[in-house]
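Undergrad: One structure is given below, represented as C-alpha coordinates, and several questions about it will come after.
The values are calculated or read from the model by the stated rules, or taken from the named source; none is laboratory data. Nothing here was measured: the structure is a model prediction, and the numbers come from that model. Don't worry about glycine lacking a Cβ; one is built from the backbone with ideal geometry, like all the others, and counts go over all protein chains shown. Only protein heavy atoms, including side chains, enter the accessible area calculation; ligands, DNA and RNA are left aside. Shrake-Rupley method; radii C 1.70, N 1.55, O 1.52, S 1.80 Å.
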Amino acid sequence: MERVKVLIVDDEHDFRQLFVKRFTLRNLDVEGVGSGREALKALDRKEYDVVVLDVRMPGMDGIETLKEIKKHHPSSEVIMLTGHGSVKSGIEGMSYGAFDYVLKPFKIDDLLERILKAHERRVLSRGG
(Lines give C-alpha, C1' and ligand atoms only; values in the text may rest on other atoms or scores of the structure.)
Protein backbone atom coordinates (compact mmCIF):
# COMPACT_ATOMS: atom_id res chain seq x y z
CA MET A 1 0.00 0.00 0.00
CA GLU A 2 1.31 3.45 -0.88
CA ARG A 3 2.03 5.88 1.93
CA VAL A 4 -0.57 8.52 2.71
CA LYS A 5 0.64 11.93 1.49
CA VAL A 6 -0.09 14.63 4.06
CA LEU A 7 0.52 18.38 3.95
CA ILE A 8 0.65 20.18 7.31
CA VAL A 9 -0.19 23.90 7.16
CA ASP A 10 0.55 25.79 10.38
CA ASP A 11 2.34 29.07 11.02
CA GLU A 12 3.89 27.78 14.28
CA HIS A 13 7.27 26.42 13.11
CA ASP A 14 8.03 24.21 16.14
CA PHE A 15 4.55 22.67 16.12
CA ARG A 16 4.77 21.99 12.39
CA GLN A 17 8.23 20.38 12.67
CA LEU A 18 7.15 18.17 15.57
CA PHE A 19 4.07 17.13 13.65
CA VAL A 20 6.07 16.23 10.52
CA LYS A 21 8.53 14.20 12.59
CA ARG A 22 5.87 12.31 14.56
CA PHE A 23 3.82 11.38 11.50
CA THR A 24 6.86 10.43 9.44
CA LEU A 25 7.66 7.92 12.20
CA ARG A 26 4.13 6.56 11.68
CA ASN A 27 4.96 5.87 8.03
CA LEU A 28 3.14 8.80 6.44
CA ASP A 29 4.68 10.90 3.67
CA VAL A 30 4.50 14.28 5.41
CA GLU A 31 5.58 17.79 4.49
CA GLY A 32 4.91 21.05 6.28
CA VAL A 33 4.46 24.65 5.19
CA GLY A 34 3.88 27.82 7.19
CA SER A 35 1.10 29.65 5.33
CA GLY A 36 -1.97 29.30 3.16
CA ARG A 37 -0.14 30.68 0.12
CA GLU A 38 2.70 28.16 0.61
CA ALA A 39 0.09 25.40 0.87
CA LEU A 40 -1.46 26.33 -2.47
CA LYS A 41 1.98 26.37 -4.12
CA ALA A 42 2.81 22.96 -2.61
CA LEU A 43 -0.49 21.54 -3.89
CA ASP A 44 0.29 22.85 -7.38
CA ARG A 45 3.61 20.94 -7.29
CA LYS A 46 2.47 17.68 -5.70
CA GLU A 47 -0.75 15.81 -5.06
CA TYR A 48 -1.55 15.35 -1.35
CA ASP A 49 -4.20 12.99 -0.03
CA VAL A 50 -4.89 14.96 3.13
CA VAL A 51 -4.19 18.56 4.13
CA VAL A 52 -4.13 19.35 7.86
CA LEU A 53 -4.85 23.06 7.96
CA ASP A 54 -4.64 25.46 10.89
CA VAL A 55 -7.57 27.89 11.00
CA ARG A 56 -5.71 30.81 12.60
CA MET A 57 -2.81 32.02 10.51
CA PRO A 58 -1.63 35.51 9.60
CA GLY A 59 -2.40 36.66 6.08
CA MET A 60 -4.51 34.07 4.32
CA ASP A 61 -6.39 32.28 7.12
CA GLY A 62 -7.43 28.65 7.15
CA ILE A 63 -10.98 29.19 5.90
CA GLU A 64 -9.79 31.26 2.93
CA THR A 65 -7.09 28.65 2.20
CA LEU A 66 -9.68 25.85 2.42
CA LYS A 67 -11.89 27.57 -0.15
CA GLU A 68 -8.95 27.85 -2.57
CA ILE A 69 -7.90 24.23 -1.99
CA LYS A 70 -11.43 22.99 -2.70
CA LYS A 71 -11.64 25.18 -5.81
CA HIS A 72 -8.32 24.04 -7.34
CA HIS A 73 -7.69 20.63 -5.70
CA PRO A 74 -11.16 19.29 -4.86
CA SER A 75 -10.04 15.69 -4.34
CA SER A 76 -7.69 16.59 -1.47
CA GLU A 77 -9.34 15.99 1.89
CA VAL A 78 -8.85 18.75 4.46
CA ILE A 79 -8.83 18.49 8.25
CA MET A 80 -9.08 21.83 10.04
CA LEU A 81 -7.03 22.45 13.19
CA THR A 82 -8.60 24.95 15.49
CA GLY A 83 -7.37 26.18 18.82
CA HIS A 84 -8.80 28.63 21.26
CA GLY A 85 -11.81 26.36 21.83
CA SER A 86 -13.36 27.61 18.59
CA VAL A 87 -15.72 24.90 17.44
CA LYS A 88 -17.49 27.51 15.28
CA SER A 89 -14.57 27.87 12.85
CA GLY A 90 -14.26 24.09 12.56
CA ILE A 91 -17.93 23.78 11.69
CA GLU A 92 -17.59 26.66 9.23
CA GLY A 93 -14.71 24.79 7.58
CA MET A 94 -16.87 21.70 7.19
CA SER A 95 -19.54 23.81 5.48
CA TYR A 96 -16.88 24.68 2.87
CA GLY A 97 -15.92 21.07 2.28
CA ALA A 98 -13.49 20.14 5.07
CA PHE A 99 -13.56 16.46 5.99
CA ASP A 100 -13.34 17.10 9.73
CA TYR A 101 -11.92 19.42 12.35
CA VAL A 102 -9.74 18.83 15.40
CA LEU A 103 -9.43 21.04 18.46
CA LYS A 104 -5.93 21.90 19.69
CA PRO A 105 -4.47 20.45 21.83
CA PHE A 106 -5.11 16.95 20.49
CA LYS A 107 -3.73 13.46 20.84
CA ILE A 108 -1.48 12.50 17.94
CA ASP A 109 -3.20 9.10 17.55
CA ASP A 110 -6.63 10.76 17.34
CA LEU A 111 -5.46 12.98 14.51
CA LEU A 112 -3.75 10.02 12.82
CA GLU A 113 -7.04 8.12 12.87
CA ARG A 114 -8.85 11.07 11.24
CA ILE A 115 -6.11 11.38 8.60
CA LEU A 116 -6.48 7.69 7.74
CA LYS A 117 -10.29 8.03 7.52
CA ALA A 118 -9.94 11.08 5.28
CA HIS A 119 -7.51 9.16 3.06
CA GLU A 120 -9.94 6.22 2.90
CA ARG A 121 -12.74 8.56 1.76
CA ARG A 122 -10.47 10.06 -0.88
CA VAL A 123 -9.53 6.61 -2.22
CA LEU A 124 -13.20 5.54 -2.32
CA SER A 125 -14.28 8.76 -4.06
CA ARG A 126 -11.64 8.15 -6.75
CA GLY A 127 -13.05 4.67 -7.33
CA GLY A 128 -10.30 2.65 -5.64
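Undergrad: Given the condition of a type outside the set (K, R), part of a loop (DSSP other than H, G, I, E, B) and open to solvent by 10 Å² or more (accessible area, probe 1.4 Å), answer yes or no: does some residue in the stretch 45-55 qualify?
TA: Yes, the stretch 45-55 contains a residue that is of a type outside the set (K, R), part of a loop (DSSP other than H, G, I, E, B) and open to solvent by 10 Å² or more (accessible area, probe 1.4 Å).
Undergrad: Does the stretch 64-88 hold any residues that are at pLDDT below 90, polar (S, T, N, Q) and closer than 17 Å to D11 by Cα, and which are they?
TA: Within the stretch 64-88, just T82 meets the criteria.
Undergrad: Sticking with this one: For the stretch 89-105, give me the residue count where each residue is closer than 20 Å to E12 by Cβ and outside any strand (DSSP E or B). Spell out how you get there, then give the answer.
TA: Of the stretch 89-105, the ones closer than 20 Å to E12 by Cβ are 89-90, 93, 98, 101-105.
Next, only the ones that are outside any strand (DSSP E or B) stay: 89-90, 93, 98, 104-105.
So the count comes out to 6.
Undergrad: Also: So which residues in the stretch 1-26 are closer than 14 Å to H119 by Cα and open to solvent by 50 Å² or more (accessible area, probe 1.4 Å)?
TA: Of the stretch 1-26, the ones closer than 14 Å to H119 by Cα are 1-7.
Listed by number, the residues that qualify are M1, E2, R3.
Undergrad: Of the residues that sit in the stretch 91-128 and are closer than 14 Å to F23 by Cα and touching a residue at least 60 places away in the same chain (Cβ under 8 Å), which one is most open to solvent (accessible area, probe 1.4 Å)?
TA: Checked the stretch 91-128; the qualifying residue most open to solvent (accessible area, probe 1.4 Å) is L116.
Undergrad: Oh, and also: Looking only at the stretch 78-88, which residues are assigned to a loop (DSSP other than H, G, I, E, B) and either surrounded by 14 or more Cβ atoms within 10 Å (Cβ to Cβ) or hydroxyl-bearing (S, T, Y) (or both)?
TA: G83, S86
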